[in-house]
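These notes concern the structure reproduced below.
Please treat every number below as a calculation from the coordinates, not as lab data. These numbers come from a predicted model, not from an experiment. Cβ placement follows ideal geometry from the backbone for every residue including glycine, while neighbour counts extend to all protein chains displayed.
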Amino acid sequence: MAIKTKGIVPRTWRLIKRIFIFGFFFQLFYILLLKWVNPPITLTQLGSVFRGDGLKRDYVDMKSISPYAKLAVISSEDQLFADHDGFDFKSIEKAIKHNQKSKSMRGASTISQQVAKNVFLWQGKSFVRKALEVYFTFMIELVWGKKRILEMYLNVSEMGKGIYGIQAASQHYFSIPAKNLSRQQAALIASLLPNPRVRTIRPISREVAIRYPWILVQMVHLQDDPDIEKLVQ
């Protein structure tokens with residue numbers, strides 16, 4: 001008996017289009033929602049749970065975070081954060097040239113790109129993930145603005161095995177709330193990024209011991225920048 005295939009292809013195509021349209025509007029709604037609401041969980045956090053590292057986190061708003069913590073992560077991870085539109089093209093160009101000549105890989109992700117990856121996507125390297133990262137970076141810059149991106153970064157970034165966000169990190173390392181972090185304590189936590197599963201504060205790892213004083217110097221250089229000052233206060 002011959003199998004009737006007439007109409008199967010059009011129906012399949014209509015189904016694919018409906019799924020695509022639903023997915024597009026759902027992610028757009030989710031981006032808008034997260035401008036005011038914190039994500040219930042991220043793929044990175046789920047991965048931490050499945051690995052057996054647990055999940056320690058406690059979302060806090062910008063008023064509950066020390067200005068030093070905000071300044072420290074900008075000084076450490078993205079000194080042009082206040083000026084770019086999500087991408088630091090000069091750093092990307094330098095990273096490409098470095099990676100072509102060296103076996104050690106250098107990244108050039110901005111804070112905005114890291115937030116896009118950590119909130120909406122998964123860890124790892126692939127063309128698909130990178131393309132999606134570009135899209136979500138553009139969208140959060142457009143919809144959220146710098147202060148919300150920085151707030152989200154300080155709440156969802158991994159800052160130790162199973163430790164997510166500045167509040168959980170502050171409690172874990174110093175037994176104080178994030179709003180009470182000193183300049184030195186904030187720089188120590190920032191020095192864990194972007195590899196907190198390898199870098200440690202207790203005992204202090206070689207990378208942290210080298211990076212921590214450098215971050216303190218950068219904080220002094222950047223603290224009087226009027227654009228950065230608006231973000232950290």
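Couplings 3J(HN,Hα) of segment 173-186, computed from phi: 8, 10, 6, 9, x, 4, 5, 9, 4, 7, 4, 5, 5, 5 Hz, in residue order, whole Hz [Karplus 6.51 cos²θ - 1.76 cosθ + 1.60, θ = phi - 60°; x for Gly and Pro]. Once you've got the Cα coordinates, tell me which of LYS17/LYS125; LYS125/LYS179; LYS130/LYS161; LYS56/LYS146 are over 31 Å apart. Cα-Cα > 31 Å for LYS125/LYS179; rest within. Packing-based ranking of 194-205, 19-30 yields 194-205, 19-30, ordered from highest to lowest mean Cβ neighbour count within 10 Å. If you take all other residues with their beta carbon under 14 Å from the beta carbon of LEU222, and give Lys and Arg +1 and Asp and Glu -1, the sum is -4.
Computed from phi, the 3J(HN,Hα) profile of segment 30-40 under the Karplus parametrisation 6.51, -1.76, 1.60 (θ = phi - 60°) reads 5, 4, 4, 4, 6, 5, 10, 10, 7, x, x Hz, with x in place of Gly and Pro. The stretch between HIS172 and ASP53 holds 41.4 nm of extra length on full extension. This uses 0.36 nm per residue minus the Cα-Cα distance. For the pair VAL128 and ILE8, what calculated FRET efficiency results from E = 1/(1 + (r/R0)^6), where r is the Cβ-Cβ distance and R0 = 30 Å, to the nearest 0.05? Between ILE8 and VAL128 the formula returns 0.60. Computed over the chain, the convex hull of the alpha-carbon atoms projects to a mean area of 17.1 nm². Put simply, when 182-189, 127-134 are sorted by average Cβ atoms within 10 angstrom per residue, most first, you get 182-189, 127-134. Placing R0 at 41 angstrom, the Cβ-Cβ distance between GLN184 and PHE26 gives a FRET efficiency of 0.40 after rounding to 0.05.
For segment 115-212, the alpha-carbon radius of gyration amounts to 1.17 times the rule-of-thumb value 2.2 N^0.38 Å expected for a compact globular protein.
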